[in-house]
Amino acid sequence: MTPFIFIVESSLPLSARIVLAMTALSTSSISTALVGWSGASYVIDLQRLSPADNGGIEGIEMTTLTLTLNRLVTRVYDADFLVDTKRPFAKWALAQSVLLPPSREDALMAVKGGAPGEEETIAETFNAAGEIVGRWIVKWENDGAGTCRGIGKVVRYFNVHEELL
């Protein structure tokens, strides 16, 4: 539409045409960005990682798409790090922090924690070529507490349709 504003003869001054062109371009850009933001977390494929293939812990592999429809596969090696989120257009998120119960209460959960200061990869995001583009890492503290952070472009939010569960 923008080129036609300048080509078609009109009684509008050049400054008004420029304002109309900028309005059209900004509206298009903003709507594309909103579609990309809301659709980026939509999971198109969900696979469970069996404990036998994943170090004894059940994990999940989720496939999402970018705005340009390139596949991104995120492997969450420990499904306990997926938490419910209040973010619009998302059902799950990778946890920002975690607190495991003491070993006397739940021995199975307690062994998941690392030594204080140790870092562990919780999730990895791969592009279509299979290259790692991002990681979600937990740094363990005392008493089973851990703080998570992202490195690179890790997919953190997931909108999982009930049919995939």
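The values are calculated or read from the model by the stated rules, or taken from the named source; none is laboratory data. All of these numbers come straight from a predicted model, not from anything done at the bench. Note that we place each Cβ from the backbone using ideal geometry, even for glycine, and neighbour counts take in every protein chain shown. Each accessible area value is taken on the protein alone, full model and side chains, heavy atoms only, with ligands, DNA and RNA left out. Shrake-Rupley method; radii C 1.70, N 1.55, O 1.52, S 1.80 Å.
General remarks:
- Unique match (being in contact with a Phe, Trp or Tyr (Cβ under 6 Å, 6 or more places away or on another chain) and either closer than 15 Å to Val83 by Cα or not in a strand (DSSP E or B) (or both)) among Gly150, Gly114: Gly114
- Tally of residues being aliphatic (A, V, I, L, M), under 15 Å from Trp92 (Cα atoms) and open to solvent by 30 Å² or more (accessible area, probe 1.4 Å) across the stretch 42-61: 1
- Matching residues, the stretch 125-145, being touching a residue at least 24 places away in the same chain (Cβ under 8 Å), closer than 21 Å to Leu69 by Cα and open to solvent by less than 20 Å² (accessible area, probe 1.4 Å): Thr125
- Of all residues in the stretch 64-89 being aliphatic (A, V, I, L, M) and at pLDDT 90 or above, the one that is least open to solvent (accessible area, probe 1.4 Å): Val76
- Condition met for Arg17 (among the basic types (Lys, Arg) and either free of Cβ contacts under 8 Å to residues at least 40 places away in the same chain or loosely packed, with under 15 Cβ neighbours inside 10 Å (or both)): yes
- Among the residues making up the stretch 103-131, those that are over 21 Å from Leu49 (Cβ atoms) and either hydroxyl-bearing (Ser, Thr, Tyr) or at pLDDT below 65 (or both) are Ser103, Arg104, Glu105, Asp106, Ala107, Ala110.
- Strands (runs of 3 or more DSSP E) fully within the stretch 1-105 that include at least 3 residues being under 23 Å from the mean Cα position of the chain (by Cα), under 22 Å from Gly134 (Cβ atoms) and of a type in the set (Val, Ile, Thr): 59-65, 71-76.
- Every residue from the stretch 115-124 that is open to solvent by less than 40 Å² (accessible area, probe 1.4 Å) and acidic (Asp, Glu): Glu124
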